[in-house]
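Engineer: Mind looking over this structure? Questions follow.
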Amino acid sequence: MRSPLGRAIGLGSAKEGVEHWWLQRITALALVPLTVWFVIAVIRLAGADVDTVRDWVGHPLPAIFLVLLLIATFWHASLGLQVVIEDYVHTEFAKLGLVIVVRLACFALAVAGIFAVLSMALQTTS
Amino acid sequence: MRSADRPISPHLQIYRWQLTSVLSILHRAAGLALSAGTILLVWWLVAAASGPDAYDGVADFLGSWLGFLLLFGWTLSLFYHLCNGIRHLVWDTGHGLDLKSTYLGGWLVVGGTGALTLIAWIAGISSWVY
C-alpha cells in the first residue's frame, strides 16, 4: 500500500508540453501560405510530364518552398500524430513504440523528399 | 445515493451530435488522412527525381480511378484541415470562443472547404485538359 501522495510524486509533467504546443502552432502558421502555394503549383502542373516537373523544381523559389513545405509538414505531422497516439494507445510499451516509429518515419520521409528536391534543383543547369 | 445510481453523462453513441464536436473529430481524422497522404507527395518527388520511368508509374497511378479518389480525399482533407486550423489559430489568440462564434466559424469552415475543393478541382481538371 502506498499513500496517494507517494503514488503521485515523480509522475508530474515532463515540462515539455509547452514546446510541443508552441511548435505545433508555429509549423501550422508556416503551413498556411506554403500549402496554398503548393496546391496552386500542383494545379498548374496537372498532367505535366516529368521534364516539366523537373524544370519547375529546378528553379530556386519552387525548390526552396518545397523544402520548407516538407520540413513544416513532417514536423507538424509528427507532433500531431504523437498527440493522437498518446490519446488512444494506453499500453505504455505500444504507445512508446508507435511514437518512435512515427517519429522515425516522418524523419525518413522528410529526408527522402528533401533529397529528391535538392537533386533535381542542383542537376538543372538553367 | 449509491454511486452506481448516480446519473452519468450520456455515452458518445447516444449523445446528440453537434457541429462543434463533429468538426473537432473531423479535424483529427483529416490530419491522419493528410499524414498518410504525405507518402504520395514524397513518392511523387522521388519519382520525378529518379527519371521518366519512375515518374510514369506515379503519373499512371494518380491518373487512375483510385488515384483520383485518393487525390480528391486528400484535397478535401487538406482544405478542411487548413480552414479549421486557421479557426484553431484564432481561438489560440483568445478570440471567438463564445458559443455563437464557434458555430459561425464552424459553418464558415464547412462552406470554405466545399468552395475551395470545388475551385481546386475545376482549375485542376481544366489545367489538365488544356
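Read-outs throughout are calculated quantities, based only on the coordinates presented, and are distinct from any laboratory measurement. None of the values given here were measured: they were computed from a predicted structure. FYI the Cβ positions are ideal-geometry reconstructions off the backbone, even for glycines, and counts take in every protein chain you see.
Engineer: Okay, helix-only estimate at 222 nm for chain A: each DSSP H run of n ≥ 4 adds -39500 (n - 2.57), divide by all residues, round to 500 deg cm²/dmol; what do you get?
Structural biologist: My calculation for chain A gives -28500 deg cm²/dmol from helical runs alone.
Engineer: Once Lys and Arg get +1 and Asp and Glu get -1 on their Cβ, which of A:Ile9, A:Val101, A:Gly58 lies farthest toward the positive end of the dipole of chain A?
Structural biologist: So the residue we want is A:Ile9.
Engineer: Then there is this: Could you give me the ³J(HN,Hα) list for segment B:83-94, computed from phi with Karplus coefficients 6.51, -1.76, 1.60 and θ = phi - 60°, whole Hz, x at Gly and Pro?
Structural biologist: With coefficients 6.51, -1.76 and 1.60, one gets 5, 6, x, 5, 4, 5, 5, 5, 4, 4, 7, x Hz.
Engineer: Bin all alpha-carbon pair distances of segment A:56-126 at 5 Å intervals from 0 and give each bin's fraction as a whole percent.
Structural biologist: Answer for segment A:56-126: a P(r) of 3, 18, 21, 17, 12, 10, 8, 6, 4, 2, 0 percent.
Engineer: What number, in nm² with one decimal, is the all-direction average of the projected area of the convex hull of the alpha-carbon atoms of chain B?
Structural biologist: So the Cα hull casts an average projection of 12.7 nm².
Engineer: Rg to Rh for chain A: what is it, with Cα atoms only and Rh by Kirkwood?
Structural biologist: Value, to two decimals: 1.16.
Engineer: Using DSSP to call loops (not H, G, I, E or B), can you name the trypsin sites (Lys or Arg not before Pro) in segment A:1-93 whose Cβ has at most 13 other Cβ atoms within 10 angstrom?
Structural biologist: Those that pass, being in a loop and sparsely packed, are A:Arg2, A:Lys15.
Engineer: Moving on. Please give the charge dipole size of chain A, origin at the Cα centre, charges +1 on K and R Cβ atoms and -1 on D and E Cβ atoms. Round to the nearest 20 debye.
Structural biologist: Once rounded to the nearest 20, the dipole reads 400 debye.
Engineer: Peptide A:48-58: average number of partner chain Cβ atoms within 10 Å per residue?
Structural biologist: Counting Cβ atoms of other protein chains within 10 Å of each residue's Cβ and averaging gives 4.
Engineer: Next up: Counting each pair of different Cα atoms once, what's the Kirkwood radius of segment A:24-63 in Å, rounded to one decimal?
Structural biologist: 11.3 Å
Engineer: Ok, one more. So what is Rg over Rh here for the protein assembly as shown, counting just Cα atoms and using Kirkwood for Rh?
Structural biologist: So for the protein assembly as shown, dividing Rg by the Kirkwood Rh gives 1.05.
Engineer: For segment B:1-124, calculate the relative contact order in percent as a whole number, restricting contacts to Cα pairs under 8 Å that are 6 or more residues apart.
Structural biologist: Over segment B:1-124, the number comes to 29 percent.
Engineer: Now for a separate question. Cα axis of helix B:52-63 to longest principal axis of chain B: angle in degrees, 0 to 90, nearest 10?
Structural biologist: The answer is roughly 40 degrees.
Engineer: Take every Cα pair under 8 Å in chain A that's 6+ residues apart, average their separations, divide by the length, and report that relative contact order as a whole percent.
Structural biologist: Worked out over chain A, it gives 33 percent.
Engineer: Between helix A:17-45 and chain A, what is the angle of the helix's C-alpha long axis to the longest principal axis, kept within 0 to 90° and rounded to the nearest 10?
Structural biologist: For A:17-45 against chain A, the angle is about 20 degrees.
Engineer: With +1 on each Lys and Arg Cβ and -1 on each Asp and Glu Cβ, and nothing else charged, work out how big the dipole of the protein assembly as shown is about its Cα centre, in Debye to the nearest 20.
Structural biologist: On the way: 14 positive and 14 negative charges, 221 e Å.
Dipole size: approximately 1060 debye.
Engineer: In chain B, with Lys and Arg counted as +1 and Asp and Glu as -1 at Cβ, which of these residues, B:Ile125, B:Ser9, B:Ala47, has the Cα nearest the positive end of the dipole, that is, farthest along it?
Structural biologist: B:Ser9
Engineer: Where does helix B:19-50 land angle-wise versus the long Cα axis of chain B, in degrees 0 to 90, nearest 10?
Structural biologist: 20 degrees
Engineer: Among the trypsin sites (Lys or Arg not before Pro) in segment B:1-63, which ones are in a DSSP loop with at most 11 other Cβ atoms within 10 Å of the Cβ? Mind listing them?
Structural biologist: B:Arg2, B:Arg16
Engineer: Continuing with this model, one more query. Hey, could you pull the Cα Rg and Dmax for segment B:30-73, both in Å?
Structural biologist: Every Cα atom of segment B:30-73 included, Rg and Dmax give 10.9, 32 Å.
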